[in-house]
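I have placed the structure first, in the form of structure tokens, so that the comments after it can refer back to it.
Taken together, the values in this text are just the output of simple stated rules run on the coordinates, not laboratory data. Model, not experiment: these values are computed from the prediction. All Cβ positions, even for glycine, are placed from backbone atoms using ideal geometry, and neighbour counts span all protein chains on display.
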Amino acid sequence: MPPENDTDRQARDPSAEHALSERSAIEGWAAAARKRPVVAATPGGSVRLDLVDERDASRAVDWDTFFTLYDAADVALLVDRRTDSHRFVDDERVREGRVDPRTPGNR
């Protein structure tokens, strides 16, 4: 996931964001937003999960592969209802109500 910049944080409306953690909700949101799951290796050797536009999905993986890695990462998907933008956040922060939409979502 690319790092956020100040413009990204300022453009985000916290009231428009909501967390998804259930597979059916994530797949439904992705279908409506025309997104496909991808998995990419980072320069540091870790795995990066993302959802990309269908026309950019040359590295798309099947949903079972995506959710195997998603579940192991213990994350939730935070989506913006207005823009269909998204980011992954620590699932524990969501459960505890500690998601701050103004800060980057990675662990």
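Amide H contacts of VAL75: ASP91, each under 5 Å away and 5 or more positions distant or on a separate chain (H built 1.01 Å from N in the peptide plane; Pro and chain starts excluded). Extending 7 Å from the Cα toward the beta-carbon at both ARG81 and VAL39 defines two label points whose distance is 3.3 nm.
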